[in-house]
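A short worksheet on the structure shown next.
A short reminder: the numbers here are calculations on the coordinates, not readings from a lab. Just so it is clear, the structure is predicted and the values come from calculations on it, not from any experiment. Here Cβ is always computed from backbone atoms with ideal geometry, including for glycine, and neighbour counts include all displayed protein chains.
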RNA sequence: GCGGCGUUAGCUCAGCUGGAUAGAGCAAUUGGCUUCGAACCAAUAGGUCGGGAGUUCGAAUCUCUCACGCCGCGCCA
């Protein structure tokens, strides 16, 4: 159910009957109390075009539009707005339909195969805060797309290849020769990397040995490959631990690292050469891109093969496009990386399209995000200026939540405390990020995300548990409320809640199109606020509430809980029965 | 130099298919618990939507320009 789409459809019909079929159909949500739940704003522009009085045009449209079933009142206001007041009973009917539907009334979209490339940590090191945004924003978008009926192919484009591995493998080899177990040696990747780097910089012969390992690795040497595989396996399991802690759906099976494309890189170059797209320049293979030329006409340069014959990430990304198009049959690809790579992906798309590496109608959508800043508006770092390990950040969130829970309920059971701290802490970190516009930098601030007030995860989690307690109090088991009772809407607060509940589809559709989870966050926050207002104004279990009002309000409450639960689940945030 | 992104309340952020009086939260002030959960609600105060120009009946939203900030621009990813 999408109210706005329905209204657009009805107005389009009316405009067509009036032979204004090509006129735009601007239907917007009402922005002011008393000015309708929705408004049609097309009369003014049409009047301008036809050189007529806008209020007359509005009156004509109002006569032609068929909304008797959904609207109780249509009125012309101001210069020619048509304000639409929806029928409470129609809203009630829609709520009942949605409440008795396992998808909560959200329609399935026409199915696409969507490749989503996200998280993509570098396996040479541990995941740090820089990977947080890609991981959780990507995962929220993935879950939303799946809910809307799409076939999603998660692709974790991990950094598992490159010259740095020579040094790491040489160091690992030495450790294994000293009878250390790989898992133990690699238990702290940061330390391991640092040790290897120190040896590389200062130890006689180690740098040469490292370079030799790179050559052997690239040459497919069996011993080196198994050493590499060993390293990668351990490193991936580190990432898996973080994913699990983060409540993110990525697993080992979604790993499609850079190395997976190695065998295709030469083919990519060959094809680019054959098609005359890349040319040799200063010893390297480059693609000149006139579309991105500067004002003097100098084309942008995109290097696909180094002068020494080596490949770059551009080559790998082109190979990935071929794989996703040809093997995964992608209709659409979403890539979540930081905004600094915007130019690279723009160029990659242009080159890939010229080379025919993807179908013309295939969508290729780079979804950039801004940096995570500290409270001082500088990149988020440790006190000493180092990068913050993601596990440390998450553990701190859980620890802070733990303290907070203890101050509020000192007598809580240890197991409950542990569970709650985890859900609150992780939820707070994720929501603080997800609720902000993806594209800009954002300020990471423990105090505001864990103050648990305002637009935060705990507020939403609280709203959910508060509803659960209504049902506990009413003696109704979870999900056991009958949905075939009559639903009557009389109070303003009831109507406002019903309307908000029916706008879930809009939020999800925008999220799916723009890959912007903050739209869903805003929706859920507004829903929770509207519910709190409703609950304040409309008693449910108190003395003197009529049977029908009680049943109706319980149904609204139940559906609110279901929508909150679904929405939070799509964002990867857990709920609880009490808190 | 060229290009991308950004600049909205003291702070953190929404709003940008052009629509009526620009919204939240935090912080500030005030009111509401002999409990349907106060991690809540209600109210007050807080704005040259970076500056300027243009398009338009109408601009935070579109165009141009300037300022400031961040980022990127041939062999890192």
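Summary table below
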| quantity | calculated |
| --- | --- |
| Number of the exception - residue A:542 against (1) without any contact (Cβ under 8 Å) to a residue 40 or more places away in the chain; (2) crowded, with 21+ Cβ neighbours inside 10 Å | (2) |
| Condition met for residue A:84 (within 30 Å of residue A:563 (Cβ to Cβ), more than 12 Å from RNA strand B (Cβ to nearest atom) and not in a loop (DSSP other than H, G, I, E, B)) | no |
| Subset of the stretch A:473-514 (residues that are within 15 Å of RNA strand B (Cβ to nearest atom), within 24 Å of residue A:533 (Cβ to Cβ) and more than 33 Å from the chain's Cα centre (by Cα)) | A:473, A:474, A:476, A:491, A:492 |
| Helices (runs of 4 or more DSSP H) fully within the stretch A:94-211 counting 1 or more residues that are within 16 Å of RNA strand B (Cβ to nearest atom) | A:132-147, A:164-177, A:189-202 |
| Residue match in the stretch A:437-448 (condition: within 8 Å of RNA strand B (Cβ to nearest atom), crowded, with 19+ Cβ neighbours inside 10 Å, within 17 Å of the chain's Cα centre (by Cα) and farther than 20 Å from residue A:397 by Cβ) | yes |
| Tally of residues being in a loop (DSSP other than H, G, I, E, B), crowded, with 17+ Cβ neighbours inside 10 Å and within 11 Å of RNA strand B (Cβ to nearest atom) across the stretch A:1-24 | 0 |
| Complete set of residues in the stretch A:359-374 that are in a loop (DSSP other than H, G, I, E, B) and within 24 Å of the chain's Cα centre (by Cα) | A:361, A:362, A:370, A:371, A:374 |
| Filtered residues of the stretch A:424-436 (kept if near RNA strand B (Cβ under 8 Å from one of its atoms) and over 21 Å from residue A:377 (Cα atoms)) | A:424 |
| Residue list for the stretch A:25-48, restricted to those being more than 9 Å from RNA strand B (Cβ to nearest atom) and either out of contact with any helix residue (DSSP H, G or I) (no Cβ under 8 Å at 6 or more places or on another chain) or assigned to a helix (DSSP H, G or I) (or both) | A:33 |
| Filter pass, residue A:194 being surrounded by fewer than 19 Cβ atoms within 10 Å (Cβ to Cβ) and within 39 Å of the chain's Cα centre (by Cα) | yes |
| 2 or more residues within 11 Å of RNA strand B (Cβ to nearest atom) and touching a strand residue (DSSP E or B) at 6+ places or on another chain (Cβ under 6 Å): qualifying strands (runs of 3 or more DSSP E) within the stretch A:239-312 | A:284-289, A:300-305 |
| Candidates A:74, A:62 - the one that is in a strand (DSSP E or B), more than 35 Å from the chain's Cα centre (by Cα) and buried (at least 16 other Cβ atoms within 10 Å of the Cβ) | A:74 |
| Matching option when the condition is part of a helix (DSSP H, G or I), in contact (Cβ under 8 Å) with a residue 24 or more places away in the chain and within 16 Å of RNA strand B (Cβ to nearest atom), among A:336, A:345 | A:345 |
| Test: residue in the stretch A:399-420 that is more than 18 Å from residue A:460 (Cα to Cα), touching a residue at least 24 places away in the same chain (Cβ under 8 Å) and surrounded by 13 or more Cβ atoms within 10 Å (Cβ to Cβ) | yes |
| Residues that are within 27 Å of residue A:370 (Cβ to Cβ) and not in a helix (DSSP H, G or I), drawn from the stretch A:411-437 | A:435, A:436, A:437 |
